[in-house]
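Below is one structure, written out as structure tokens; comments come after it.
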Amino acid sequence: MPTESSVIEALQPVQDPELNRSVVDLQMVKTVAVNGEMVRVTVAVPAQDYPRRAELRDRVQAAVAAIPGVGSVAVDLAAMSEDEQKALAARLRPAGAGGTPENPFLTARTRVLAVSSGKGGVGKSSVTTNLSIALARAGYSVAAVDADVWGFSMPRMLGIDRPPVLIDQLIVPPSAHGVKLVSMGFFAREDQPVIWRGPMLHKALEQFLTDVWWDEPQFLVVDMPPGTGDVSLSMAQFLPRAEVVVVTTPQPAAQKVAQRAAYMAQKVNLTVTGVIENMSWFRGDDGKAYEIFGHGGGQDLADALGVPLLGQIPLVAELREGGDVGRPILAVDPDNEASQAFTEIARRLHEDLAPKRVYRKELKIM
């Protein structure tokens, strides 16, 4: 017959779908009652409206039902008390020295890609969204920060329509297509302007990194605001090991403006890894590629910076339409010409341009 210990053992590999940790290790299993072949399990969730409740219940029920001798299973979900939430947050994110949260990306082995441009209108957010999905489809754990606090658009582009989960003061980011996301769009309406000066922007961006349960992703992709202002300087300070990927269009005017963003990155000691040329051509019904915005701007910029041209993204109506309705082209049409370009860019980043030096926080020079 089943026992309480056999139920706990069966639940050990069951992960909470939002936190990706064992429900046993997180101490979310409150009670186990065994009455012959009947088992009742009570699982504590951080909030009554906790997302993916049904998925969590199904995982627990399936694991218990698989125990030999179990005839029926009942799973109850109960909201945590404030003290239980605080304890869970502390288990997920231990405080640093002084008891305050620390920026995990100062010590984590996460590879940070800062997608930048000299000006708006070059499709930087579309590139960030689909590049993140391409890395996730390649098998990596991926997170993204929509650091364009004035022009936030990634929640809409990824199709995320719910806010993050809050456990005590810890933010658990929502995800879509394998990408976790934090954005100002979760804290302000789409039609609400963000009218902040530098110090407020700096603090908000710091909280995006320190107050979030990131779970040490393999890639963090940052949608930087256009230009070389306060936000770019703050992100360079918060993410000193970030690699900058510059987005431009083929026209020489855009290439010259994008060059300023690259030079700014170099001045604050960030590495420029490569250039992506967006809107490179439009392929007509006749199969011919029409270079509407000119030719060669991406390669010229890459040559000037001494970095590779990572790829060229064609001008595709489905790419724009998918971003407007939360159906990214790479997720819904991976065989599209633009999708294949994103997939190849991601491959070059994680294979050809993988860092030669291995960073390990355990190793320190004394």
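Descriptive notes on the structure:
- Looking only at residues of segment 11-22 that are modelled with pLDDT of 95 or more and assigned to a loop (DSSP other than H, G, I, E, B), we find that the one that is nearest to Ala89 (Cα to Cα) is Asp16.
- Selection of segment 38-53 for residues being open to solvent by 40 Å² or more (accessible area, probe 1.4 Å) and at pLDDT below 95 yields Gln48, Asp49, Arg52, Arg53.
- Hits in segment 312-339 (condition: in contact with a Gly (Cβ under 7 Å, 6 or more places away or on another chain) and touching a residue at least 24 places away in the same chain (Cβ under 8 Å)): Gln312, Gly326, Arg327, Pro328, Ile329
- Pairs with Cβ under 6 Å, 6+ apart, first in segment 219-237 and farther than 11 Å from Asp146 by Cβ and at pLDDT 80 or above, second among the β-branched types (Val, Ile, Thr) and not in a helix (DSSP H, G or I): Phe219/Val142; Leu220/Thr110; Leu220/Val112; Ala236/Val268
- Residue count for segment 158-169 satisfying the condition of being of a type in the set (A, V, I, L, M, F, W, C) and either crowded, with 22+ Cβ neighbours inside 10 Å or within 23 Å of Val127 (Cα to Cα) (or both): 3.
- Residue list for segment 209-259, filter: acidic (Asp, Glu) and either part of a loop (DSSP other than H, G, I, E, B) or under 22 Å from Asn20 (Cα atoms) (or both): Asp211, Asp215, Glu216
- Segment 100-124 - residue that is touching a strand residue (DSSP E or B) at 6+ places or on another chain (Cβ under 8 Å) and more than 27 Å from Glu318 (Cβ to Cβ) and, of those, surrounded by the most Cβ atoms within 10 Å (Cβ to Cβ): Phe105
- Which listed residue, of Asp83, Asp58, Asp25, is outside any helix (DSSP H, G or I), within 23 Å of Val165 (Cα to Cα) and open to solvent by 30 Å² or more (accessible area, probe 1.4 Å): Asp25
- Search result, residues across segment 262-318 that are over 18 Å from Val222 (Cα atoms), in a strand (DSSP E or B) and open to solvent by 60 Å² or more (accessible area, probe 1.4 Å): Phe282, Arg283, Tyr290, Gln312
- Condition check for Val127: closer than 26 Å to Asp230 by Cα, in a helix (DSSP H, G or I), among the aliphatic types (A, V, I, L, M) and open to solvent by less than 10 Å² (accessible area, probe 1.4 Å): yes
The values are calculated or read from the model by the stated rules, or taken from the named source; none is laboratory data. In this text, all values refer to a predicted model and were calculated from it rather than measured experimentally. We place every Cβ from the backbone using ideal geometry, glycine too, and count neighbours over all the protein chains shown. Remember, those area values only see protein heavy atoms, side chains included, never the ligands or the DNA or RNA. Shrake-Rupley method; radii C 1.70, N 1.55, O 1.52, S 1.80 Å.
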